[in-house]
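What follows is one structure encoded as structure tokens, with my remarks underneath.
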Amino acid sequence: MNTQGIKENTVYRLNRGYIIELAANSGWSQNELARRMKLPKGTLSNALSGRRGAGRKVIAGLLRVFPQESFTDMVLSVRQVERHACNL
């Protein structure tokens, strides 16, 4: 898995339908997908629903469990975010 292209201070919007289909084709529920990605199920749920953007850990987890899939198929958009001194 190559995660070098995953940038800090970047938020990704996931292709929810595509990822849910990948999980279903593997026989996994959303909770099982989160477990395999080594993420709290709420984190994955928020990223898939769009309530929160997907950060590096979510993207790295997806690339780990679906290494044959293209990053560009799993992600719909990319947004840079600013880090404020109070958030560091």
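The values are calculated or read from the model by the stated rules, or taken from the named source; none is laboratory data. Please read all numbers here as calculations on a predicted model, not as lab measurements. Cβ: placed from backbone, ideal geometry, glycine included. Neighbour counts: every protein chain shown.
So which of Arg56, Arg13 is surrounded by fewer than 16 Cβ atoms within 10 Å (Cβ to Cβ), in contact with a strand residue (DSSP E or B) (Cβ under 6 Å, 6 or more places away or on another chain), in contact (Cβ under 8 Å) with a residue 12 or more places away in the chain and not aromatic (Phe, Trp, Tyr)? It is Arg13. Where helices (runs of 4 or more DSSP H) fall wholly inside the chain, the ranges with 3 or more residues that are at negative phi and at pLDDT 95 or above are 16-25, 30-37, 41-49, 56-65.
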